[in-house]
1. For the stretch B:306-388, run through the GluC sites (Glu not before Pro) and keep only the ones in DSSP coil with at most 16 other Cβ atoms within 10 Å of their Cβ.
2. Hey, got the dipole for chain A? About the Cα centre, +1 on K and R Cβ, -1 on D and E Cβ, debye to the nearest 20?
3. Treat each spin label as a single point 7 Å out from the Cα along the C-beta direction, and report the A:Ala90 to B:Lys406 distance in nm.
4. Round to the nearest 10 and give me the degree value, 0 to 90, for the angle of helix A:37-48's Cα axis relative to the longest principal axis of chain A.
5. Place a +1 charge on the Cβ of each Lys and Arg in the stretch A:69-121 and a -1 charge on the Cβ of each Asp and Glu, then give the dipole magnitude about the Cα centre in debye, rounded to the nearest 20.
6. How tilted is helix B:66-80 with respect to the longest principal axis of chain B? Cα atoms for both, answer in degrees (0 to 90, nearest 10).
7. Take chain B, connect every pair of alpha-carbon atoms lying under 10 Å apart with a spring to form a Gaussian network, then pick out the residue of B:Arg268, B:Arg393, B:Arg376 with the largest mean-square fluctuation.
8. Run the quick spin-label model on A:Ser30 and B:Phe208: label points 7 Å from Cα toward the beta carbon, then report their separation in nm to one decimal.
Amino acid sequence: MAQEIRELICINCPMGCPLTVTLEDGEVLSVKGNTCPRGDSYGRKEVTNPTRIVTTSVPVDGSKTERMVSVKTEHDIPKGKIFDVVQELAGVRAQAPVAIGDVILANVAGTGVNVIATKNA
Amino acid sequence: MSKAIEQRAIVVVGGGPAGLAAGIAAYEAGQTDVLILERDTQLGGILNQCIHNGFGLHTFKEELTGPEYAARYIQRADELGIERRLGTMVLDISQDRIVTAVSPTEGITQIKAGAVILAMGCRERPRGALATPGYRPAGVYSAGTAQRLVNIEGQLPGREVVILGSGDIGLIMARRMTLEGAHVACVAEIMPYSGGLKRNIVQCLDDFGIPLLLSHTVVDVEGRDRVEAVTIAEVDEHLRPIAGTEVRYPCDTLMLSVGLLPENELSREAGVELSTVTRGPVVDQSLQTSIPGIFACGNVLHVHDLVDFVSQEAAAAGANAARYVAGGSHDAVDSRGVPVSAENGVRYTVPSFVDVDAMDDTLTVRFRVANEYRNRYVSVYLDDERIQHRKKRVMAPGEMEQVTLKKADLAAREGLAKITVMLEEE
């Protein structure tokens with residue numbers, strides 16, 4: 001029975017609570033140091049399946065005001081897929097008009113998550 | 001031939017997050033004659049280039065990107081029909097609140113305002129303020145400039161990057177450059193602690209294996225036309241480079257994230273009293289400056305970490321400005337109220353004065369600490385009596401703190417002469 005202790009900093013909000021996660025054989029036994037429930041779920045997820053929201057920008061054609069339009073993954077994606085996401089977006093161009101929430105690329109890098117616009121252009 | 005001076009109830013200088021929230025709050029408080037002056041061609045300010053997420057957790061209980069956060073306020077301003085003049089730069093604000101502005105379409109215009117709200121934001125500390133040795137080649141960028149190039153212009157400023165200073169924009173740009181295919185060798189920070197939020201160190205540096213070198217600084221920049229390398233050395237407790245610790249990093253780009261300074265040229269010219277600590281106006285509980293009818297909020301008042309708090313503060317300034325206009329001027333103020341003193345590890349407070357009669361039921365006092373502290377108490381004293389004592393596990397200069405004062409507590413003390421916010425070990 002191998003016990004493992006992981007020290008993390010919660011990234012859910014700028015409080016940045018220092019978390020201590022105790023694992024046994026890959027199972028989370030406890031999360032300590034969090035000041036809210038989001039810290040608990042972050043601690044559990046971070047040691048088993050860490051995820052991130054990816055934000056970047058892509059060129060937009062035909063916009064009067066913008067050269068680039070900012071985008072994000074609609075939900076968090078596995079941390080290990082961050083570079084797959086930006087690589088798949090490398091050749092993508094948006095067409096104006098673009099509204100916040102428009103899907104720019106569906107099911108990015110096989111994550112099942114869409115990349116959506118975060119700016120009107 | 002001079003044009004007649006236009007009269008407006010409230011003029012907001014700046015259309016970023018502070019100006020938008022202030023203008024909306026003033027309108028919602030009943031002063032519908034609001035004019036926002038913005039020098040850029042669109043509203044939203046610096047949020048437009050802050051395309052990362054993490055904005056709005058407090059305000060909207062969601063993690064928004066900068067442009068999305070701005071869009072919510074712009075939409076609200078649109079719904080209310082708040083007038084804004086874009087491409088319009090304010091040149092001067094006088095003591096009697098005459099605002100002089102210039103724009104390519106209108107030329108120079110003057111507006112007499114019932115109240116002025118300062119919401120000009122901040123700008124980055126430039127390289128010149130650092131006294132970094134070495135040449136002055138191309139390839140040295142402030143992190144915010146690089147952010148604009150990448151996110152707005154679609155240009156990559158370089159491929160091999162060293163970042164000096166661990167402010168939030170530098171951390172964000174370390175990740176941003178990495179995602180765009182550049183290599184970030186390290187982030188060097190002269191202080192023994194980071195100036196940025198911990199969450200940004202985790203998700204912008206640790207996620208990508210970018211080292212954060214605390215107590216390190218740049219001691220040489222090489223390259224005549226373009227940066228070719230920088231040399232980084234460790235510093236001692238007096239922040240002096242330690243001989244023999246130098247490491248040379250070949251690179252084409254040096255990015256600086258070494259602090260933000262409130263942009264108070266207009267305030268200074270107007271005669272507004274400025275704090276030597278925050279470099280922003282000294283304000284009372286209503287966020288009014290030393291000049292009656294001129295209010296300040298957001299990063300021009302003191303640099304914030306979180307836009308949510310900018311919006312909150314600005315909304316208070318807007319509502320107070322509306323109240324000021326509605327109540328007629330009370331220009332003859334003999335006292336600004338009870339002074340709030342920052343002591344023992346607390347660098348400053350905003351506000352600096354509290355007029356107990358005029359305050360709302362509760363008042364948020366924001367402050368920053370001078371150092372990294374563990375297990376200290378934040379205490380509030382009314383004269384010699386301690387009325388608040390709250391333990392904080394971790395405090396750092398990069399993270400703004402706050403206490404809440406209750407009017408009932410303050411009003412109950414006759415002859416209250418001083419409010420003190422300080423840190424205590426027990």
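Values quoted throughout were computed directly from the atomic coordinates according to the rules given, and no laboratory measurement underlies them. This is a predicted model, so every value here is computed, not measured. Counting neighbours? That spans all protein chains shown, and the Cβs are built from the backbone with ideal geometry, glycine included.
1. Numbers: sites: B:Glu313, B:Glu343, B:Glu372, B:Glu385; in loops: B:Glu372.
Passing sites in the stretch B:306-388 are B:Glu372.
2. 460 debye
3. For the pair A:Ala90/B:Lys406, the computed spacing is 6.0 nm.
4. Taking Cα atoms only, the helix is inclined about 90 degrees.
5. 120 debye
6. Roughly 20 degrees, rounded to the nearest 10.
7. Highest fluctuation of the listed residues: B:Arg393.
8. If labels sit at A:Ser30 and B:Phe208, their model points lie 3.7 nm apart.
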